[in-house]
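Take a look at the structure below.
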Amino acid sequence: MTLAANTSPPSPLDWRQRLRAYALLVRFHRPIGSLLLLWPALWALWLAAEGQPPGRVVLIFIVGVFLMRSAGCAINDYADRNLDGQVARTRERPLATGLVSPREALGVFVVLGLAAFLLVLLLDWKTIALSVVALGLAVLYPFMKRFTYWPQVFLGAAFGWAVPMAYTAITGQVPLQGWLVFVAALIWALIYDTQYAMVDREDDLKAAIKSTAILFGRHDRLLIGLLQLVFLGLMAYIGLTAGRGAWYFGGLAVAAGLSAYQQYLMRDREVAACFRAFLNNNYLGLALFLGLFLDYALA
């Protein structure tokens, strides 16, 4: 028997309680999504600027990442307002419990999206144009789990779109290297969001929610492993073509070790362990960035 979302009107909240509810809506207490979105943007900024991105541009991207991730959470919960109550991990989300109304969630999305767009206006017109695509991907992704078993690809495109924006902000164009970093970021998102979906697989099946974890079935670890190899190989190729040295490839070696550790965590497909494997990707992204940063700084 599945639990339906609670649609009864909540008790009146004072402004402090309402702000807290909005903070829960945008996962302010769980920054992992913002960090997973941030690392590819930083990789791209450092590669595009050959280790010397303007501090102003870096700050704009950092703030923009947190704004867009928060906006994405709001529109995601709006899209899933009738589904989250059927999944154990999400049934306490503010929309599922009635703490935040659907209209409020849309309002939060619009405010945060406008704030991110105003921030992008500080950059060149090409980057501004690309930001419109980013907004469209953020709106599109939450609805894909109803129609395709590949919603993780749409998430990867949404999370990775900061890469072409970063190259455009630095160089005025997106060279082949930029698109390779974008593809790498998309594959990485496909990896970690499949791990994330493994946590919800049983509930998702009951609620008719589609995911790559369901599509891959008993071959999930194998296919994630193959994607990890492709991702690491692509990042190695990017490093070679960018002329990077020992520090970068040291960071890549750490990332490879973390990928192996994630496979170990997932060995029994235990829910909590799969979630730890997902969270471990933050360290993987950090290792790659630190290797890139130190390689340019100490070259």
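The values are calculated or read from the model by the stated rules, or taken from the named source; none is laboratory data. What you see is a predicted model, and the numbers here were worked out from it, not measured in a lab. Virtual Cβ from ideal backbone geometry, glycine too; neighbours counted across all protein chains shown.
For this structure, a couple of remarks:
- Cross-chain or 6+ apart pairs with Cβ under 8 Å, the stretch 103-124 first and under 17 Å from L140 (Cα atoms) and surrounded by 14 or more Cβ atoms within 10 Å (Cβ to Cβ), then at pLDDT below 90 and among the charged types (D, E, K, R): A105/D77; A105/R81
- Members of the stretch 266-299 that are surrounded by fewer than 20 Cβ atoms within 10 Å (Cβ to Cβ), modelled with pLDDT of 95 or more, closer than 16 Å to D193 by Cβ and of a type in the set (A, V, I, L, M): L279
- Residue that is over 21 Å from V183 (Cβ atoms), assigned to a helix (DSSP H, G or I) and either modelled with pLDDT of 95 or more or over 20 Å from the mean Cα position of the chain (by Cα) (or both), where the choices are Q195, Q263, Q228: Q263
- Cβ-Cβ under 8 Å pairs, at least 6 apart or on other chains, the stretch 198-218 side touching a residue at least 24 places away in the same chain (Cβ under 8 Å) and surrounded by 21 or more Cβ atoms within 10 Å (Cβ to Cβ), far side part of a helix (DSSP H, G or I) and aromatic (F, W, Y): V199/F275; V199/F278
- Remark: Y167 falls outside the filter, which requires a residue to be in a helix (DSSP H, G or I), in contact with a Phe, Trp or Tyr (Cβ under 6 Å, 6 or more places away or on another chain) and in contact (Cβ under 8 Å) with a residue 12 or more places away in the chain.
- Odd one out for D124 among (1) at pLDDT below 90; (2) closer than 23 Å to V174 by Cβ; (3) acidic (D, E): (1)
- Count of residues meeting criterion [in a helix (DSSP H, G or I) and closer than 21 Å to R16 by Cβ] in the stretch 78-130: 10
- Boolean, Q152 is in a helix (DSSP H, G or I) and either touching a Pro at 6+ places or on another chain (Cβ under 7 Å) or crowded, with 23+ Cβ neighbours inside 10 Å (or both): yes
- Assessment of the stretch 124-138 against the conditions (more than 19 Å from I75 (Cβ to Cβ) and basic (K, R)) yields at least one matching residue.
- Output for the stretch 226-235, where each listed residue is free of Cβ contacts under 8 Å to residues at least 40 places away in the same chain and surrounded by 16 or more Cβ atoms within 10 Å (Cβ to Cβ): Q228, L232
- V174 meets all of the listed conditions (1) of a type in the set (A, V, I, L, M); (2) part of a helix (DSSP H, G or I); (3) out of contact with any Gly (no Cβ under 6 Å at 6 or more places or on another chain); (4) without any contact (Cβ under 8 Å) to a residue 40 or more places away in the chain but one, namely (2).
- The stretch 23-36 residues that are over 20 Å from V110 (Cα atoms), paired with ones that are modelled with pLDDT under 90 and among the acidic types (D, E) (beta carbon under 9 Å, 6 or more apart): none
- One residue alone among G107, G160, G178 is out of contact with any strand residue (DSSP E or B) (no Cβ under 6 Å at 6 or more places or on another chain) and within 20 Å of L35 (Cβ to Cβ), and that residue is G160.
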